[in-house]
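The values are calculated or read from the model by the stated rules, or taken from the named source; none is laboratory data. From a predicted model like this one, the values you see are computed outputs, not experimental measurements. Positions of Cβ are backbone-derived with ideal geometry, glycine not excepted, and every protein chain shown enters the neighbour counts. For accessibility, only protein heavy atoms count, side chains too; no ligands or nucleic acids. Shrake-Rupley method; radii C 1.70, N 1.55, O 1.52, S 1.80 Å.
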Amino acid sequence: MNFEVDNRGFYGEFGGAFIPEMLHANIEELRSQYLLIMESADFKSKFQALLRDYVGRPSPLYLAERLSEHYRTNIYLKREDLNHTGAHKINNTIGQILLAQALGKTRIIAETGAGQHGVATATVCALMGLECIVYMGAIDIERQAPNVARMKMLGAKVVPAHSGSKTLKDATNEAIRDWIGNPVETHYIIGSVVGPHPYPDMVARFQSVISLEMTSQLMEKTGSSNPNAIVACVGGGSNAAGAFYHYLDATDVRLIAVEAAGRGIDTGESAATSVLGSKGIIHGSRTLLMQTEDGQIIEPYSISAGLDYPGIGPLHAHLIETKRAEAIHITDQEALQSALQVARMEGIIPALETAHAFAALNKVKFKASDNVVVCLSGRGDKDLNTYIKKLLPNE
Amino acid sequence: MNRIDALFQQKKKEILSIYFTAGYPKLEDTCTILRTLQAAGADLVEVGMPYSDPMADGPTIQESGSVAIKNGMTVATLFAQIRSCRAEVEMPIIVMGYLNQMMQFGMEAFLRSAKEAGVDGLIVPDLPADVFEQEYRDLFNTYGIHLSFLITPQTSEARIRHIDSISTGFIYVVSDASITGAKAGISEAQIAYFKRIEEMELGKPRLIGFGISNAATFHTACQHSQGAIIGSAFIKSIGADERDLAARITQFMDGIRPPV
């Protein structure tokens with residue numbers, strides 16, 4: 001099977017660029033340039049140097065012995081939480097800021113939900129001395145105050161999105177509208193493998209450093225570059241796309257995509273897009289999304305602000321539809337318990353998003369001889385308030 | 001003949017098209033607005049199908065859409081409303097909406113329902129030309145529904161020619177790099193762009209929209225096209241209060257084009 005994007009920007013029936021004409025020139029410029037720029041020697045050397053010296057890559061692959069013993073298998077953690085800014089998001093923003101510079105752009109816009117991508121974007125804009133505007137839902141600004149402060153400290157302007165449900169999807173709409181109004185000098189750094197082609201492919205390529213490093217690290221530690229399974233959480237799906245990328249055609253490697261079930265799939269408060277979604281268009285991409293019978297996009301729910309996106313990247317929609325990837329659904333409670341377990345057994349406090357990936361270990365059976373990689377996409381500092389309130393209310 | 005083609009055959013200048021959001025201010029206002037607009041001299045009407053995530057639209061249209069969705073407006077309700085008063089309205093009726101709702105309804109079912117309701121054309125800002133040609137053009141032809149594509153100041157000449165060749169009815173000339181309702185007034189640069197398009201001598205008529213808000217901007221736009229479209233300014237003028245809806249519509253229309 002082939003899981004690469006085709007020349008029209010589709011993964012099977014998913015993907016494409018369903019954009020208003022006002023964005024055509026911007027998207028066409030990106031589409032015609034992104035591979036040329038990304039494959040140039042100049043870009044590659046800058047990108048690799050920044051990932052090494054600024055982000056701190058390669059991120060370690062760590063054999064989590066106590067978790068392995070508990071689950072009676074071999075669990076390796078891909079430590080994206082140790083990257084600068086605390087998550088995988090920086091891999092993509094480093095790549096896109098270099099691309100923006102190569103395109104001669106002087107103004108950067110981004111959307112953010114929990115604020116991780118906003119912080120990663122504000123960081124690279126500070127690094128390059130470029131103007132940075134981050135759109136963030138008015139409700140998210142209230143509930144993610146520490147990340148708003150970080151963005152401001154880094155010099156970004158945080159603009160509240162007051163439209164619609166005032167969360168990530170509306171911040172994305174506002175960023176798209178900004179781009180419509182500023183088509184020439186502005187580059188839009190999308191934070192996940194979503195949006196119109198070429199974004200899903202471009203972001204997946206920038207994040208693919210995760211699985212590229214895994215191949216040599218696994219070879220060194222296990223004698224084989226392939227694990228038996230890779231587990232990653234999926235909101236839009238950027239860390240999962242990066243962790244799966246070099247194994248898409250290695251069909252003996254199980255790809256396990258973990259979605260947020262929120263309070264439960266049938267409760268009406270969920271973000272389990274692969275189960276609750278249907279085919280449609282969101283943010284310029286044909287994919288699976290949560291919508292009413294009349295085609296209005298539904299606001300999803302998860303305790304994790306990074307997983308409550310009503311769609312899923314078109315690559316993941318294709319992987320799940322073709323059964324190349326398995327989708328697992330984890331509730332808020334299950335994720336919280338796994339966060340505590342990982343903290344207490346491995347001394348690592350994972351992000352709430354990542355905690356969903358850990359919780360999937362309770363739902364999938366592995367053999368004692370299996371090598372399982374969990375993509376530890378981010379650290380949990382930003383979630384401490386939630387953890388203390390929900391897990392340790394009396395301490 | 002499609003009513004849109006008949007209009008452009010019969011009238012070459014100063015065509016006034018009004019956009020309104022269906023289901024706003026109240027769910028059942030659609031037919032009142034249609035009848036009043038016709039009596040007040042509109043030539044063409046664009047009925048906006050309210051959508052949760054209208055990425056090409058500004059705050060006025062999005063907010064009116066949110067109200068309309070809360071009021072209970074759906075695709076099926078909209079078609080039923082148009083159908084119920086179509087016989088009283090002679091103007092061409094265009095439905096403007098986003099592709100996701102059409103996909104959910106099923107594109108063929110959508111076109112069939114549109115035809116049955118007496119709709120003459122669609123504007124679908126997020127339907128790309130290549131997808132239209134490969135997946136939908138035959139269906140539009142089968143049901144005789146026109147589709148107007150948009151062009152902007154960034155659209156290349158070659159692409160404008162292509163859009164001219166695939167659009168049916170008219171071409172929607174977006175006046176500036178902007179979302180709907182974003183700006184007031186028309187700049188020299190915009191006039192230069194209107195002239196550039198005018199001089200291309202396209203096969204299809206052109207209506208200019210986005211940022212057309214009053215008599216002055218309407219008449220400026222009309223000097224370089226067959227007509228213009230007013231949306232956000234109209235929606236603002238009718239407001240959220242349904243009292244005297246017809247009177248306020250008439251007053252707005254008189255301000256754009258005084259009664260003869």
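Scanning region A:156-192 for residues that are assigned to a loop (DSSP other than H, G, I, E, B) and either closer than 27 Å to residue A:5 by Cβ or within 9 Å of another protein chain (Cβ to nearest Cβ) (or both) gives A:162, A:163, A:164, A:165, A:182, A:183, A:184, A:190, A:191, A:192.
Only residues that are surrounded by 22 or more Cβ atoms within 10 Å (Cβ to Cβ), part of a helix (DSSP H, G or I) and either among the β-branched types (Val, Ile, Thr) or out of contact with any Phe, Trp or Tyr (no Cβ under 9 Å at 6 or more places or on another chain) (or both) were counted across region A:193-215, and they come to 3. Kindly indicate whether residue A:149 is outside any strand (DSSP E or B) and surrounded by fewer than 24 Cβ atoms within 10 Å (Cβ to Cβ). It is true that residue A:149 is outside any strand (DSSP E or B) and surrounded by fewer than 24 Cβ atoms within 10 Å (Cβ to Cβ).
For the condition without any contact (Cβ under 8 Å) to a residue 24 or more places away in the chain and more than 9 Å from chain A (Cβ to nearest Cβ), residue B:114 does not qualify. Among the residues of region A:33-48, are any of a type outside the set (A, V, I, L, M), crowded, with 18+ Cβ neighbours inside 10 Å and outside any helix (DSSP H, G or I)? No, that holds for no residue.
Restricting B:71, B:100 to those that are within 14 Å of chain A (Cβ to nearest Cβ), polar (S, T, N, Q), farther than 30 Å from residue B:258 by Cβ and open to solvent by 10 Å² or more (accessible area, probe 1.4 Å) reduces the list to B:71.
Close Cβ contacts (under 7 Å, 6 or more residues apart or on different chains) running from residues in region B:159-185 that are at the interface with chain A (Cβ under 10 Å from one of its Cβ atoms) to residues that are part of a loop (DSSP other than H, G, I, E, B) and hydroxyl-bearing (Ser, Thr, Tyr) comprise B:172/B:148; B:174/B:152; B:177/B:152. Select the helices (runs of 4 or more DSSP H) contained entirely in region B:53-138, then report the ones holding at least 2 residues which are within 21 Å of residue B:5 (Cβ to Cβ) and out of contact with any Asp or Glu (no Cβ under 6 Å at 6 or more places or on another chain). Answer list for region B:53-138: B:107-117.
Annotation note: Cβ proximity below 8 Å between a residue of region A:167-185 that is under 18 Å from residue A:99 (Cα atoms) and a residue that is in a helix (DSSP H, G or I) (sequence gap 6+ or interchain) occurs for A:179/A:23; A:179/A:26; A:183/A:22; A:183/A:23; A:183/A:25; A:183/A:26. Among the candidates A:138, A:102, A:126, the residue that is open to solvent by 10 Å² or more (accessible area, probe 1.4 Å) and modelled with pLDDT under 95 is uniquely A:138. The condition of being open to solvent by less than 10 Å² (accessible area, probe 1.4 Å), among the β-branched types (Val, Ile, Thr) and modelled with pLDDT of 95 or more does not hold for residue A:158. Here region B:74-97 is the region considered, the condition is being small (Gly, Ala, Ser) and facing another protein chain (nearest Cβ under 10 Å), and the residue that is nearest to residue B:149 (Cα to Cα) is B:97. Taking the criterion of being open to solvent by 20 Å² or more (accessible area, probe 1.4 Å) and in a helix (DSSP H, G or I), the residues of region A:216-250 that qualify are A:216, A:217, A:219, A:220, A:221, A:222, A:245, A:246. Would you kindly identify the helices (runs of 4 or more DSSP H) lying entirely within region B:169-244 that contain at least 1 residues that are among the aliphatic types (A, V, I, L, M), open to solvent by less than 40 Å² (accessible area, probe 1.4 Å) and farther than 25 Å from residue B:29 by Cα? Fully inside region B:169-244 and qualifying: B:188-199, B:215-222.
Inspection of region B:146-158 identifies at least one residue that is away from chain A (no Cβ under 14 Å), crowded, with 20+ Cβ neighbours inside 10 Å and either within 20 Å of the chain's Cα centre (by Cα) or in contact (Cβ under 8 Å) with a residue 12 or more places away in the chain (or both). Within region B:103-116, restricting attention to residues that are surrounded by 18 or more Cβ atoms within 10 Å (Cβ to Cβ) and of a type in the set (Gly, Ala, Ser), which residue is nearest to residue B:171 (Cα to Cα)? Filtering first and then ranking leaves B:114.
Here B:55, B:49 are screened, and the one residue that is under 24 Å from residue B:112 (Cβ atoms) and within 14 Å of chain A (Cβ to nearest Cβ) is B:49.
If you go through region A:282-303 one residue at a time, do you hit one that is open to solvent by 30 Å² or more (accessible area, probe 1.4 Å), more than 14 Å from every other protein chain (Cβ to nearest Cβ) and either assigned to a helix (DSSP H, G or I) or in contact (Cβ under 8 Å) with a residue 12 or more places away in the chain (or both)? Checked region A:282-303: at least one residue is open to solvent by 30 Å² or more (accessible area, probe 1.4 Å), more than 14 Å from every other protein chain (Cβ to nearest Cβ) and either assigned to a helix (DSSP H, G or I) or in contact (Cβ under 8 Å) with a residue 12 or more places away in the chain (or both). Quick check, is residue B:33 open to solvent by less than 30 Å² (accessible area, probe 1.4 Å), in a helix (DSSP H, G or I) and touching a residue at least 24 places away in the same chain (Cβ under 8 Å)? Yes. Within the option set B:126, B:138, being out of contact with any strand residue (DSSP E or B) (no Cβ under 8 Å at 6 or more places or on another chain) and either within 12 Å of chain A (Cβ to nearest Cβ) or open to solvent by 50 Å² or more (accessible area, probe 1.4 Å) (or both) holds for one residue only, B:138. If you go through region A:251-281 and keep only what is within 18 Å of residue B:104 (Cβ to Cβ), assigned to a strand (DSSP E or B) and open to solvent by 20 Å² or more (accessible area, probe 1.4 Å), you end up with A:278, A:279. Considering A:39, A:21, A:4, which residue is within 30 Å of residue A:183 (Cβ to Cβ) and within 14 Å of chain B (Cβ to nearest Cβ)? Answer to the check: A:21.
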